[in-house]
1. So which trypsin sites (Lys or Arg not before Pro) in the chain are both in a DSSP loop and have at most 13 other Cβ atoms within 10 Å of their Cβ?
2. Check each of the chymotrypsin sites (Phe, Trp or Tyr not before Pro) in the chain and keep only those in coil by DSSP with at most 10 other C-beta atoms within 10 angstrom; list them in order.
3. With no solvent and one equal point scatterer per Cα, compute the Debye intensity ratio I(q)/I(0) for the chain at 0.18, 0.28, 0.29 Å⁻¹ and report its log10, rounded to two decimals.
4. Quick one: length gained pulling Asn21 to Leu37 fully straight, 0.36 nm per residue minus the C-alpha distance?
5. From the helices alone, meaning DSSP H stretches of at least four residues, give me the mean residue ellipticity at 222 nm for the chain, per-run term -39500 (n - 2.57), in deg cm²/dmol to the nearest 500.
6. List the relative contact order of the chain as a percent without decimals, with contacts defined as Cα pairs under 8 Å and 6+ residues apart.
7. Using alpha-carbon positions, what is the distance between the centroids of segment 10-28 and segment 30-44, in Å?
Amino acid sequence: MYDFIKIQWIMRKYSETNIANCVTKKYITQAQADVILAMPQASV
């Protein structure tokens, strides 16, 4: 699930709110969310 969420973030399909919801639903840990949010997103 981590890889899927990471790709969605990079491709700008998920926002910071979506990532926070994934942590709340226990799909990923907070540490994984921090790593994802530190990654650059694709330019539009």
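Only the coordinates and a few stated rules stand behind these numbers; no lab work does. Owing to the predicted nature of the structure, the values given are computational and were not obtained by experimental measurement. In this analysis, Cβ positions are derived from the backbone assuming ideal geometry, glycine residues included, and neighbour counts consider all displayed protein chains.
1. Within the chain, the qualifying trypsin sites (Lys or Arg not before Pro) (loop, at most 13 other Cβ atoms within 10 Å) are Arg12, Lys13, Lys25, Lys26.
2. none
3. After summing over all Cα pairs, the log10 values are -0.41, -0.99, -1.06.
4. Between Asn21 and Leu37, full extension yields an extra 4.5 nm.
5. Calculated at 222 nm, the ellipticity per residue is -17500 deg cm²/dmol.
6. Over the chain, the number comes to 49 percent.
7. Segment 10-28 and segment 30-44 have Cα centres spaced 10 Å from each other.
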